[in-house]
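Undergrad: Submitted below is the structure of interest, expressed as structure tokens.
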Amino acid sequence: MEIKANKKIYNKKGVEKTIEAYEHLGRIGLSEDKNYFIIRIENVNEEIKKVFKDEFCNYLLFESSKCL
Amino acid sequence: METIILDTNIYSLRSILSATFVFLDDYYIFLDQAEEGKIAVQIKSKEKEADLKKAVDDFKNELINTSLRLKISKENKKIREAIVSSALYGRVEELKTRHTADPEGICIKWEEANNKASKDSQRICESRNNNRFENITHRGFNRSCVNAQKPNYTKMFKSKENGDKSQ
């Protein structure tokens, strides 16, 4: 699973805080290119896999706007 | 899932983020850049049978609401800061400068302002001072009386102890 978060909208502090909050639910890796933070998520429990990405994005939005 | 494309020249990123805050409880929202100067807002419902079109309309209304709120807060920023700073410490400074400047001569004593009074032809101030001195001496006398009436407990205990020993 991969999430691409635009750097103009989301900030690094928010991304890091979100990863910190969700890292106990799976293996999460962060890399970045010129315009995007690329978040790779692996080994997530099947029960929460469906909602994981969406919940992660919501939390990311919340954290990024807090750090704005 | 519904997608709205917003122009950042009309709605700032801050107002878009503020508007999404209201919807985070019931919807999944993801933002991305559509083109240069445009943001795509993806709205997805957490419940299967939710009216997404209504959510999109509500989102647009909320967007106008937050934009207006931000605009007003920007316009009133200076006034707000002035009120807060005067409430915290500006008022004290203002009072200090007013007293030191005293352009209308309010702080000058009446006697100083009028030379006739300073001469004190009827010796009113003198008699007042005398009366004050009398009061002070009278008070001093009263205190000495009170002290004389106070029992000296240490003396009493000592005498009692001595008496016990003698017994």
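The values are calculated or read from the model by the stated rules, or taken from the named source; none is laboratory data. The structure presented is a predicted model; accordingly, all values stated were derived computationally and were not measured. Don't worry about glycine lacking a Cβ; one is built from the backbone with ideal geometry, like all the others, and counts go over all protein chains shown. Ligands, DNA and RNA are stripped out before the accessible areas are found, and what is left, the full protein with its side chains, is counted by its heavy atoms. Shrake-Rupley method; radii C 1.70, N 1.55, O 1.52, S 1.80 Å.
Undergrad: Please name whichever of A:ILE41, A:PHE62, A:VAL51 sits farthest to the positive end of the charge dipole of chain A, dipole taken about the Cα centre and charges placed at Cβ: Lys and Arg +1, Asp and Glu -1.
TA: A:PHE62
Undergrad: Let me ask you something else. Scan chain A for chymotrypsin sites (Phe, Trp or Tyr not before Pro) in coil per DSSP, keeping those whose Cβ has at most 11 other Cβ atoms within 10 Å, and list them by number.
TA: Hits after loop and neighbour filter: nothing returned.
Undergrad: Which of the GluC sites (Glu not before Pro) across segment B:1-44 are loop residues per DSSP, with 10 or fewer other Cβ within 10 Å?
TA: Answer in residue order: B:GLU36.
Undergrad: Another question about this same structure. Quick check: pseudo-label points 7 Å beyond the Cα along Cα→Cβ at B:ILE4 and B:ALA40, how many nm apart are they?
TA: 1.7 nm
Undergrad: Could I ask something else about it? ³J(HN,Hα) across segment B:42-57 via Karplus (A = 6.51, B = -1.76, C = 1.60, θ = phi - 60°), whole Hz, x for Gly/Pro?
TA: 9, 10, 10, 7, 7, 9, 5, 9, 9, 7, 6, 5, 5, 4, 5, 4
Undergrad: While we're on this one: Order B:LYS38, A:LYS66, A:LYS12, most accessible first, counting only protein heavy atoms with a 1.4 angstrom probe.
TA: Final ranking, largest accessible area leading: A:LYS66, A:LYS12, B:LYS38.
Undergrad: Can you list the residues, at least 5 places off or on another chain, whose amide H is less than 5 Å from the amide H of B:SER45, using H built in the peptide plane?
TA: Sorted by chain and number, the residues that satisfy this are B:TYR28.
Undergrad: Just to verify a number: what accessible area does B:GLU104 come out at with the full protein assembly present, 1.4 Å probe, Å² rounded to tens?
TA: Solvent-accessible area, nearest 10 Å²: 150 Å².
Undergrad: Which length gain, in nm to one decimal place, applies between A:GLU23 and A:ASN6 when the Cα-Cα distance is subtracted from 0.36 nm times their residue separation?
TA: 4.1 nm
Undergrad: Can you give the Kirkwood hydrodynamic radius of chain A from its Cα pairs, in Å with one decimal?
TA: Kirkwood hydrodynamic radius for chain A: 11.9 Å.
Undergrad: Sticking with this one: Give me the distance in nm between label points sitting 7 Å out from Cα along the Cα-to-Cβ direction at B:LYS60 and A:GLU42, one decimal.
TA: Going from the B:LYS60 label point to the A:GLU42 one covers 4.4 nm.
Undergrad: Let me ask another. Mind scanning A:LYS7/B:LYS44; A:LYS8/B:LYS77; A:LYS7/B:LYS38; A:LYS13/A:LYS49; A:LYS50/B:LYS54; A:LYS17/B:LYS46 and naming the pairs with a C-alpha gap bigger than 20 Å?
TA: Working: A:LYS7/B:LYS44 22 Å; A:LYS8/B:LYS77 26 Å; A:LYS7/B:LYS38 14 Å; A:LYS13/A:LYS49 24 Å; A:LYS50/B:LYS54 24 Å; A:LYS17/B:LYS46 23 Å.
Where the Cα-Cα span goes over 20 Å, the pairs concerned are A:LYS7/B:LYS44; A:LYS8/B:LYS77; A:LYS13/A:LYS49; A:LYS50/B:LYS54; A:LYS17/B:LYS46.
Undergrad: Multiplying the sequence separation of B:LYS48 and B:VAL84 by 0.36 nm and subtracting their Cα-Cα distance, what value in nm do you get? Mind showing how you got there, number by number?
TA: Details: separation 36, 0.36 × 36 = 12.96 nm, distance 4.80 nm.
Full extension of this stretch gives 8.2 nm more.
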